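Any read-out appearing in this document is the output of simple, stated calculations on the displayed coordinates, not a laboratory observation. Treat the numbers as computed from the prediction; the structure is a model and nothing was measured. We place every Cβ from the backbone using ideal geometry, glycine too, and count neighbours over all the protein chains shown.
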Amino acid sequence: MTLDELAREYGTPLYVYRLDAVRRAVADLTAALPPGVRLYYSVKANPHPVLVRAVADSGVDVEISSPGELAVARSAGVSGDRTLYTGPAKTSAELADAVRAGVRWFSVESLADRSRLAAAADTPVDYLVRLSGRATAAAGLRMTGTASQFGVDADTLGPDPEILRPTGNARPAGFHLFSATMVRDEAALLDELSTNLRTARKVADRTGHRPRVLDLGGGFAAPFATPGRRERYPALRAGLGRELDSAWPGWRDGYPQVAVESGRYLVAEAGILLTTVLDRKYSFGREYVLCDAGVNVLGGMSGLGRLLAPAAQPQDQPESAPPVVLAGPLCTPLDVLARTARVADPAVGDVLAIPNVGAYGLTASLLAFLGRPVAAEVVVDGAAVVDARRLTVTATGI
Ligand SMILES: Cc1ncc(COP(=O)(O)O)c(C=O)c1O
């Protein structure tokens, strides 16, 4: 079906996810990494179970950080030994549920987190200690290497630290260093990952811990809500391989097993948002195009100044088109998807297609704000629709 046919069949606002684009992204990222590096898909980027299954079926493991993402991973058929449970401030209950559901790999972010895991695990589990080292590259969003709620400051770990001692059923198995997202520049990305692997080396030498797994994090960049392609990292494979050879001889034989994580790179390009123009008007000299998708559908966190600036740009529009404000239907002036989008002569009823919204789209938005129905989502494989659904926000008694 074409995008117009999908809009007519399912209505708008409508997310369309293309499985062939997901498979292409997995293949591209795998080819950009040194052979033997294990790849985790960060489910937070898009927890749609059909996408998660497609990613997992192409050999990628999953990184989850909540009970909801655990449920998605299970329903997508991903086994517990292919699942890494991460995140700060996990509760005892969620850890116990994850262990019960078969998860055997965790990232712990503090001694308290490790102690809760040890208390919750009634069967042996392995954990990585998340480290915060030095900051390097210009990144979209920095998690560690600066003051943050994430990880343990690497410099604070001396010989034989408490957090690296086996406790109950919880066994230390290595390090986790996710430090930044959206590192567009290849040299900067290599610098970020190299700094991470050297931070881990220093901590291993100082503490005496020999990691079985070394999760270096990620930062693989992709466009958000504007036309364009994912970054390509042609020199990363050789460059990262060299850095690993020098700091971690033996890694090619799996000592340690090296891993990286990616959310947006694998799914961003797969998603297109279809939205219908509901009104077109002028206010104090500026043109407004009002659509049925606002920050309840896309870019909710950018509305909060939290993620990427709202700069949605519909595809297939001439650059010469005059700039308009692309606004949503919510009764708040904050409901703006772009302040200067190019849209050629938009008419009420036109359907606009906003590309590259497969990551941090619907579930990163203000779904319940102002009570509009949640946008529908369809998954297509080639020309065939393989799934159509709509999330709902409902209240139940407790
Ligand atoms: C621990 C961790 N892993 C992976 C990711 C995914 O980042 P991205 O979607 O930019 O690849 C994040 C993003 O916040 C994260 O915090």
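When Rg and the Kirkwood radius Rh are both evaluated on Cα atoms of the range 1-78, their ratio Rg/Rh stands at 1.05.
Of all DSSP-defined beta bridges confined to the range 164-282, some 10% are antiparallel rather than parallel.
Going by the alpha-carbon gyration tensor, a ≥ b ≥ c the square roots of its eigenvalues, is the range 270-398 rounded (a/c under 1.5) or, if a/c is not under 1.5, prolate (a/b greater than b/c) versus oblate? Oblate is the answer for the range 270-398, as a/c is 1.5 or above yet b/c matches or exceeds a/b. Straight-line cross-link partners of LYS44 among the aspartates and glutamates, defined as a Cα under 17 Å from its Cα and at least 8 positions apart when in the same chain: ASP61, GLU63, GLU69, GLU94, GLU261, GLU269, GLU377.
Over the range 188-256, the alpha carbon radius of gyration divided by the compact-protein estimate 2.2 N^0.38 Å works out to 1.32.
Taking the Cα centre of the range 243-398 as origin and assigning +1 to Lys and Arg Cβ atoms and -1 to Asp and Glu Cβ atoms, the resulting dipole is close to 600 debye. Per-residue ellipticity at 222 nm, computed for the chain from helices alone with -39500 (n - 2.57) per DSSP H run of at least four residues, works out to -7500 deg cm²/dmol. Checking the a/c ratio against 1.5 first, then a/b against b/c, what shape does the Cα gyration tensor give for the range 157-285? Cα axes put the range 157-285 in the prolate bin.
Once Rh is set to the Kirkwood radius over Cα pairs, what Stokes-Einstein translational diffusion coefficient, in µm²/s, holds for the chain at a temperature of 10 °C and a viscosity of 1.306 mPa s? Mind showing how you got there, number by number?
Working: Rh = 22.1 Å.
For these conditions, the coefficient is 72 µm²/s.
Order the peptides 39-45, 166-172, 116-122 from the highest to the lowest mean number of other Cβ atoms within 10 Å of their residues. Don't skip to the answer; put the middle values down first.
Values: 39-45: 24.9, 166-172: 17.3, 116-122: 19.7.
Put in order of decreasing packing, that is 39-45, 116-122, 166-172.
Indicate the gyration tensor shape class of the range 333-398 (rounded, prolate or oblate), computed on the Cα atoms with a ≥ b ≥ c the square roots of the eigenvalues: a/c under 1.5 is rounded; otherwise a/b larger than b/c is prolate and the rest oblate. Oblate, because a/c is 1.5 or more while a/b does not exceed b/c. P(r) tail, the range 144-233: Cα-Cα pairs separated by more than 18 Å, 53% of all pairs.
Show me the three semi-axes of the equivalent ellipsoid for the range 213-300, from the C-alpha gyration tensor (sqrt of 5 times each eigenvalue), largest first, rounded to whole Å.
Details: eigenvalues 399, 34, 20 Å².
Calculated on Cα positions only, the semi-axes equal 45, 13, 10 Å.
Among GLY239, GLY349, GLY263, the largest mean-square fluctuation in a Gaussian network model of the chain (Cα springs under 10 Å) belongs to GLY349. Each of ALA341, PHE106, PRO47 was scored by the projection of its Cα onto the charge dipole of the chain, and the greatest displacement toward the positive side belongs to PHE106; charges sit on the C-beta of Lys, Arg, Asp and Glu. Highest mean packing comes first when the peptides 227-235, 95-103, 269-277 are listed by Cβ atoms within 10 Å, giving 269-277, 95-103, 227-235.
Cβ neighbours within 10 Å, averaged per peptide: list 313-319, 289-295, 335-341 in order, most packed at the top.
Working: 313-319: 15.6, 289-295: 25.0, 335-341: 21.4.
Listed from highest to lowest mean packing, they are 289-295, 335-341, 313-319.
Exposure proxy ranking for LEU164, LEU214, based on other Cβ atoms within 10 angstrom of each Cβ and starting from the fewest, stands as LEU164, LEU214.
Test of understanding: ordering HIS48, HIS209 by Cβ neighbours within 10 Å, fewest first, what list do you get?
Least crowded to most crowded, the residues run HIS209, HIS48.
Ordering PRO211, VAL297, PHE178 by Cα displacement along the dipole of the chain toward the positive end leaves PRO211 in first place; charges were set at the Cβ atoms of Lys, Arg (+1) and Asp, Glu (-1).
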